[in-house]
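The values are calculated or read from the model by the stated rules, or taken from the named source; none is laboratory data. Predicted, not measured: the structure shown is a model, and the values here were computed from it. With ligands, DNA and RNA removed, areas are computed over all heavy atoms of the protein, side chains included. Shrake-Rupley method; radii C 1.70, N 1.55, O 1.52, S 1.80 Å.
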Amino acid sequence: MSPLLPGGDKVEFDVDGAYFSLTEDHDSATCNLYVDGNTYFLASADLRKFETSIDWTSIDPAQPKPLDAGDKGIVWDSGAAAYFTCEPAKNLNTPGKYVELTLSTHYPPARSRGPSVLAPLMKQFVAFAQRELKCGAGATS
């Protein structure tokens, strides 16, 4: 992550919760990284009930590129997003469990460095989330 961060005197984390978990009652998790009191990096995970509720159209102006992470992933100069299926929806009345992950830098690095750092970081985040939530390709029994 160091290529994404500026120099500074003090680095702090603000983590939502003591451990990584997504449930109906707690359907999102975030981690903010601050350098000298300014937000520089955000990692978030959100539990979605239907695959169609994952909407990245707001990212279109950033011209994201495809990323081989989870069921689908994208990466752009200042961020990356991916999702994977924990449990597919059976029909419109029976929701499933889809996990959407996002990484973003609030002060992006040089254009050429963002995707080269964020792409592997998102792949690691997907593997971590699949393992911790016990679903998807990275899950172990």
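Please state the shape class of the range 17-86: rounded when a/c is under 1.5, otherwise prolate if a/b exceeds b/c and oblate if not, all from the C-alpha gyration tensor.
oblate
Give the ranking of 78, 53 by solvent-accessible surface, highest area first, calculated with a 1.4 Å probe. All intermediate terms of the calculation are to be shown ahead of the outcome.
Details: 78 30, 53 60 Å².
Greatest to least solvent exposure: 53, 78.
Can you send over the carbon and sulfur percentage of the accessible area for the chain, probe radius 1.4 Å, protein chains only? Spell out each step's value before the answer.
Values: 4070 of 8310 Å².
Taking all protein chains in place, the chain shows 49 percent carbon and sulfur surface.
Name the long-range amide H neighbours of residue 89: under 5 Å, sequence gap of 5 or more, or other chain; modelled H, no Pro or chain starts.
Excluding prolines and chain starts, which carry no amide H, the hits are 51, 96, 97.
Just by accessible area at a 1.4 angstrom probe, what is the order of 99, 117 from largest to smallest?
Details: 99 0, 117 30 Å².
Ranked list, largest accessible area first: 117, 99.
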